């Protein structure tokens, strides 16, 4: 059976596509990394890389093994952290991706309590909607995702928990020339930005406008970062569909505002998801629970308090 160091070295080589770069990143000599790879290939009985003058490229067998190696390596890391955390060690790492609804409506309530409970934990927040972050979630790089439910079925590879209902609003810059609009029909020809919660850009608008018998607006700008989205809608005449928590939020009150049309704008439920291959560590589970409890306030922005665990 391959040893953990073999998996570590193989993953480093696969990511850097160079024995020398992998050795540098690991703090090892190139001969040591080369020997580790040779031992692994002899153990498996198949070549994992093709050697070229400019580096190495995974073979088909190597590509398949990389998926398994990353899962195994991540499982070992999480298992070690979990064992230590159950013994009272409050260190470790939690990596999550949460949508703007969770960032604005849950995080201000949940995160201060989490930091008090886990003062030594390292937390990494990854920006991006589900189509962007799914590979990281699937491979265990992320502990969990909290945001709009993906539109496509994902099979049994994920654990999915419904957190809250959701609703959209239309947001534009303060003083927008269409600020007085009262119906979707008045906004069909406006410039729009899509926040990319769907794999297909047009789908987000089609499901909203078609529900009211209207054609879908043309979409030419896609923002996969909340910062980019805020800058665009605050400095241009572009409009965007966003979770209701954005309306009246103190962070953006001076820059953007809701255009309150009469139609109800449905949105996917907010869910929490993690890979079925990677059970949550105690630290990740605690952060998830605090976010879930914050959702019960409901999405009203910062303020209020959470019940004790």
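Assorted remarks:
- Note on region 47-57: among residues that are at pLDDT 90 or above and in a loop (DSSP other than H, G, I, E, B), the one that is farthest from residue 69 (Cα to Cα) is 47.
- Among residues of region 63-94, those that are in contact with a strand residue (DSSP E or B) (Cβ under 6 Å, 6 or more places away or on another chain) and under 20 Å from residue 4 (Cβ atoms), counted: 1
- Selection status of residue 109, surrounded by 22 or more Cβ atoms within 10 Å (Cβ to Cβ), over 13 Å from the mean Cα position of the chain (by Cα) and modelled with pLDDT of 90 or more: yes
- Of the residues making up region 26-46, those that are surrounded by 13 or more Cβ atoms within 10 Å (Cβ to Cβ) and assigned to a loop (DSSP other than H, G, I, E, B) are 28, 46.
Conditions tested, residue by residue: (1) farther than 30 Å from residue 189 by Cβ; (2) crowded, with 17+ Cβ neighbours inside 10 Å; (3) modelled with pLDDT of 90 or more.
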position	(1), (2), (3)
238	no, yes, yes
255	no, no, no
259	no, yes, yes
271	yes, yes, yes
274	yes, yes, yes
277	yes, no, no
285	yes, yes, yes
303	yes, no, no
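- When region 1-19 is filtered for residues that are surrounded by 14 or more Cβ atoms within 10 Å (Cβ to Cβ), free of Cβ contacts under 8 Å to residues at least 60 places away in the same chain and not in a loop (DSSP other than H, G, I, E, B), the ones remaining, listed by number, are 5, 6, 9, 10, 12, 13, 14, 16, 19.
- Residue 218 farther than 19 Å from residue 149 by Cβ, at pLDDT below 85 and not in a helix (DSSP H, G or I): yes
- Flag for residue 205 being within 29 Å of residue 96 (Cα to Cα), in the same structural domain as residue 150 (by TED's automatic domain parsing) and either surrounded by 20 or more Cβ atoms within 10 Å (Cβ to Cβ) or modelled with pLDDT of 90 or more (or both): no
- Lone qualifier among 210, 195 - being surrounded by 20 or more Cβ atoms within 10 Å (Cβ to Cβ) and either in the same structural domain as residue 99 (by TED's automatic domain parsing) or under 24 Å from residue 129 (Cα atoms) (or both): 195
The values are calculated or read from the model by the stated rules, or taken from the named source; none is laboratory data. None of these values were measured; they are calculated from a predicted model. Cβ sites come from the backbone with ideal geometry, for glycine too, and all protein chains shown count toward neighbours.
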